[in-house]
Amino acid sequence: MNVDAHPLTRGVLDGDRRAIAQAITVVEAEGPSAAAIIKAVYHRSGRAYLVGVTGAPGVGKSTLVDRILTVLRSRGRTVGVLAVDPTSPFSGGAVLGDRVRMQTHAADPGVFVRSMATRGQLGGLARATADAAVILDAGGFDVIVIETVGVGQAEIEVSRTADMSIVVTMPGSGDGVQTLKAGVMEIADLFVVNKADHDGADRAVAEIETMLGLNEYGPNDWRPPVLQTRATDGVGVDDVLDTVDRFRTRGGDVAGRRRQARVCGRIRQLVSDRFLEHAEHQVLEPGAFDRLVDRVASAEVDPYTAADAVLDQALGSLRGANRTDDAQPMTAVLDHIGIAVGDLDTALVFYRDALGLELEGVEEVASQHVRAQFVSVGGATLELLEATSPQSAIARSIERRGPGLHHLTLRVADIAVVLARLKARGIRLIDEEPRPGAGGSLVAFIHPSAAHGVLVELKEARGSRAWGRGPGDEDRHAR
């Protein structure tokens, strides 16, 4: 592990508060420097115990955390605090009220308090909270307290970040039905009814106990205790920390599963973020993503198709990057030209008899009501198309435009890559995805409106000639 990958990493590992603060600032900004820091210090993480404190606004979370700090310090433990504050939707800033309430510990070298803005991130946490916790952990803090922004009934991200979750409530914060609602109440390992000197404290405890009574707990299962506190004067805080210690020492599979889930979630998030960043900034052309958004906003394309287009091109670029020099994608070459004719035998009098061209074979596709005669012309092929029924699209094409050029087919090395590139450029397609053609080939058609009036077929040859959709079926879409 290269601890010199970033100039701040040695300071973090030495527990230097200034380096820790600067490192958290870097990971909040994200980017390559953030990854370099985490890579360099991660081997020293995994020692601290992460305690999440969450609850609705106004229940006294910050005051409770401040008292928890006092008690933890009296027990000889060093503490790092990540206090998350909501971000203004207008200025992007945050009123760091949590940090203001904890100023009594500002001069304590065993306490590090850092406020973080959500910056629009949902779930009650800031986007960089997990990485900031890694830095505090590597910096040598024994306990890391993560206080979420005031949350509602569904913001449960803290349960995926902390080893233990404390849900704080207060008397009068909701009736029994409100308490029983799913969401944030279900993530608690410990319930704390703060402001216990207010009327209704006992009722709040009874409501939570009622909710817990609906669950079945085995003899070895942890049943979340419900404690009362008065954080303003520290009453009940010792009981809270004693319960935290009991939960921690029981360990077992629960602690291991939570750490596994936390790591799994973090990896998934990073893969998702990095893949999207790669697609948007390194695969798509400048402005392509915005144009795709515009097409979805105007209902020209649905969100799933748009996402598939980005995914296809990103994966296509990766496939191309992994090819050897001998396997680089070939430039598209002309495979054959489709010509609609009124009568195949009459057409052959010209192409076979007059020009002396070699016939390759005839194929009749009953489902498309068409008969096709392949004619070899040097390295290319003509495909003479005769309708066998008035319902054939070839028949309708001849009725509208007369006999003549119907489509041209381009052979490509990787049709998925080509389609992804076209979709990213906003090219209108008849086939959004390649589909099987004859002889194991893959084919797809480009709409004539995007090809200046020409129906273009793409073909990835994987065997004998790809007949594709049938030279008439796509014409129904080319109106």
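The values are calculated or read from the model by the stated rules, or taken from the named source; none is laboratory data. Owing to the predicted nature of the structure, the values given are computational and were not obtained by experimental measurement. All Cβ positions, even for glycine, are placed from backbone atoms using ideal geometry, and neighbour counts span all protein chains on display.
For the subset of the range 382-415 comprising residues that are β-branched (Val, Ile, Thr) and in contact (Cβ under 8 Å) with a residue 60 or more places away in the chain, which member is surrounded by the most Cβ atoms within 10 Å (Cβ to Cβ)?
This residue is Ile394.
Considering the range 28-39 alone, what residues qualify as being part of a helix (DSSP H, G or I) and over 15 Å from Leu13 (Cβ atoms)?
Once the filter is applied, which keeps residues that are part of a helix (DSSP H, G or I) and over 15 Å from Leu13 (Cβ atoms), the range 28-39 yields Glu28, Ala29, Pro32, Ser33, Ala34, Ala35.
List the pairs whose first member sits in the range 257-277 and is closer than 26 Å to Ala307 by Cα, whose second member is modelled with pLDDT of 85 or more and not basic (Lys, Arg), and whose Cβ atoms are under 8 Å apart, counting only residues at least 6 apart or on separate chains?
Arg266/Ala130
Conditions first: (1) surrounded by fewer than 19 Cβ atoms within 10 Å (Cβ to Cβ); (2) over 22 Å from Arg248 (Cα atoms). Arg47 passes all but one, so which condition is the exception?
Answer for Arg47: the failing condition is (2).
So Gly124 passes all but one of these: (1) modelled with pLDDT of 75 or more; (2) out of contact with any His (no Cβ under 9 Å at 6 or more places or on another chain); (3) not hydrophobic (A, V, I, L, M, F, W, C). Which condition number does it fail?
With (1) modelled with pLDDT of 75 or more; (2) out of contact with any His (no Cβ under 9 Å at 6 or more places or on another chain); (3) not hydrophobic (A, V, I, L, M, F, W, C) applied to Gly124, the lone miss is (1).
Given the options Thr63, Thr54, Thr70, name the one that is surrounded by fewer than 20 Cβ atoms within 10 Å (Cβ to Cβ) and not in a loop (DSSP other than H, G, I, E, B).
Exactly one of Thr63, Thr54, Thr70 is surrounded by fewer than 20 Cβ atoms within 10 Å (Cβ to Cβ) and not in a loop (DSSP other than H, G, I, E, B), namely Thr70.
For Glu209, only one of the following conditions fails: (1) at pLDDT 85 or above; (2) surrounded by fewer than 20 Cβ atoms within 10 Å (Cβ to Cβ); (3) under 15 Å from Val53 (Cα atoms). What is its number?
Status for Glu209: all satisfied but (3).
List the number of the failed condition for Asp431; all other conditions in (1) at pLDDT below 80; (2) within 29 Å of Ala279 (Cα to Cα) hold.
It is condition (1) that Asp431 fails.
Table: residues versus (1) exposed (fewer than 13 other Cβ atoms within 10 Å of the Cβ); (2) modelled with pLDDT of 80 or more; (3) in contact with a helix residue (DSSP H, G or I) (Cβ under 9 Å, 6 or more places away or on another chain); (4) more than 20 Å from Leu72 (Cα to Cα).
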| site | (1), (2), (3), (4) |
| --- | --- |
| Leu241 | no, yes, yes, no |
| Val263 | yes, yes, no, yes |
| Gln269 | no, yes, yes, yes |
| Asp273 | yes, yes, no, yes |
| Leu276 | no, yes, yes, yes |
| Glu280 | no, yes, yes, yes |
| Arg295 | no, yes, yes, yes |
| Ser298 | yes, yes, no, yes |
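Specify which of the listed residues (Ala48, Ala23, Ala19, Ala40) is under 18 Å from Ala106 (Cα atoms) and modelled with pLDDT of 90 or more.
Within the list Ala48, Ala23, Ala19, Ala40, the selection yields Ala19.
Which count do you get for residues in the range 308-338 that are surrounded by fewer than 20 Cβ atoms within 10 Å (Cβ to Cβ), assigned by TED's automatic domain parsing to the domain that holds Ala393 and at pLDDT 75 or above?
Number of matching residues: 4.
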